[in-house]
Amino acid sequence: MLSESEILAASILIVDDQESNVLLIEQLLAEAGYTNVTATRDPCAVCAMHRRNCYDLILLDLQMPGMDGFQVMESLKTNSAEAYLPVLVITAQPGHKLRALQAGARDFISKPFVLVEVLTRIRNMLEVRLLYKQLESYSKVLEQAVQERTAELRESEARYRSLTELASDWYWEQDESMNFTKVSGPVLEMLGIRVGSLAGESGGLESPGWNESEREKLQATIAAREPFIDFLFHRLNADGSEQQFRVSGEPMFNGSCRFIGYRGIGVEVTNRS
């Protein structure tokens, strides 16, 4: 919501070649409490003045010598970086109203002036303009917050991967089709996948001895897209010794909650307390 002080402090530029009109509007705005009003009788100066001051409202007369109000609006559109043109035109010609709106004006004031109408249209336009600027400012703040949050998440992911490398013996990732995209350690053998095949091709194992019931249980858990922590996996070696591994994994989802794969870590616990 806009406060009364924000509206009355809005920057206003009066553009009219008739000094009497300028003085009348200046007096009207001052009596209404507006405190930031500027005027010019030179239409050729409007663009440069608006670039410097970014007025919240430009009260623009259409009938002026040298450069009329339509030409001023075209110049403003060419030189302005923003899409919103804060122009309220002043005209005594009824036929000019539609043309002015088509040229980019937001509203119009008819001559001769009806003072209550003038103040009402000015206030209405200022409220819209200031709310537009608030929204634009909020969008920029939101965009900055998203960028900062994205950077934080990337940093967090980097720390996570670094800690994973320190805290585990191996790491693995799968895409949404459950194809392995990154593998270190014996995870392929655990799942019954030929070593070196990242496409999920199954076949004979180069290292036998994995517990089949454990393998099937882990495969089913991954197929159901469920997380698992410290899943215990065993392997019986040819010499009769046994190895034990603890495996943890989680499904991954994007910002739209669409499943995009799995990732996990593992550690051998055979000789660990």
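The values are calculated or read from the model by the stated rules, or taken from the named source; none is laboratory data. Computed from a predicted structure; not experimentally measured. Note that we place each Cβ from the backbone using ideal geometry, even for glycine, and neighbour counts take in every protein chain shown.
Working only within region 105-135, note down all residues that are within 18 Å of Gly69 (Cβ to Cβ) and not in a loop (DSSP other than H, G, I, E, B).
Asp107, Phe108, Ile109, Ser110, Val118, Arg121, Ile122, Met125 - these are the residues of region 105-135 that are within 18 Å of Gly69 (Cβ to Cβ) and not in a loop (DSSP other than H, G, I, E, B).
Going residue by residue through region 67-83, is there one that turns out to be under 16 Å from Met125 (Cα atoms), modelled with pLDDT under 95 and not in a loop (DSSP other than H, G, I, E, B)?
The answer is no; no qualifying residue exists.
Based on what the data block shows, is Ala48 out of contact with any helix residue (DSSP H, G or I) (no Cβ under 8 Å at 6 or more places or on another chain), within 19 Å of Ser110 (Cα to Cα) and surrounded by fewer than 17 Cβ atoms within 10 Å (Cβ to Cβ)?
no
Report whether or not Ala10 is among the small types (Gly, Ala, Ser) and in contact (Cβ under 8 Å) with a residue 40 or more places away in the chain.
yes
Among the residues of region 1-27, write down those that are surrounded by fewer than 16 Cβ atoms within 10 Å (Cβ to Cβ) and either within 37 Å of the chain's Cα centre (by Cα) or of a type in the set (A, V, I, L, M, F, W, C) (or both).
Result: Met1, Leu2, Ser3, Glu4, Ser5, Glu6, Leu8, Ala9, Leu23.
Name the pairs whose Cβ atoms lie under 6 Å apart, with the first residue in region 116-143 and touching a residue at least 60 places away in the same chain (Cβ under 8 Å), the second in a helix (DSSP H, G or I) and surrounded by 11 or more Cβ atoms within 10 Å (Cβ to Cβ), and 6 or more positions between them or separate chains?
Leu119/Ala32; Leu126/Ile7
For region 15-57, give me each residue that is over 19 Å from Glu127 (Cβ atoms) and part of a strand (DSSP E or B).
Val15, Thr38, Ala39, Thr40
Provide a single number: the residues in region 220-273 that are at positive phi, surrounded by fewer than 13 Cβ atoms within 10 Å (Cβ to Cβ) and more than 28 Å from the chain's Cα centre (by Cα).
Count: 2.
Of the conditions (1) more than 23 Å from Cys257 (Cα to Cα); (2) of a type outside the set (Gly, Ala, Ser); (3) modelled with pLDDT of 65 or more, Gln219 satisfies every one except a single condition; which number is it?
Only one criterion in (1) more than 23 Å from Cys257 (Cα to Cα); (2) of a type outside the set (Gly, Ala, Ser); (3) modelled with pLDDT of 65 or more is unmet by Gln219, namely (1).
Just the residues that are in contact with a helix residue (DSSP H, G or I) (Cβ under 7 Å, 6 or more places away or on another chain), charged (D, E, K, R) and closer than 19 Å to Gln102 by Cα, please, taken from region 51-73.
Asp61 - this is the single residue of region 51-73 that is in contact with a helix residue (DSSP H, G or I) (Cβ under 7 Å, 6 or more places away or on another chain), charged (D, E, K, R) and closer than 19 Å to Gln102 by Cα.
Any residue at all in region 94-104 that is of a type in the set (S, T, N, Q), within 38 Å of the chain's Cα centre (by Cα), farther than 26 Å from Ser137 by Cβ and not in a loop (DSSP other than H, G, I, E, B)?
Yes, there is a match, as at least one residue in region 94-104 is of a type in the set (S, T, N, Q), within 38 Å of the chain's Cα centre (by Cα), farther than 26 Å from Ser137 by Cβ and not in a loop (DSSP other than H, G, I, E, B).
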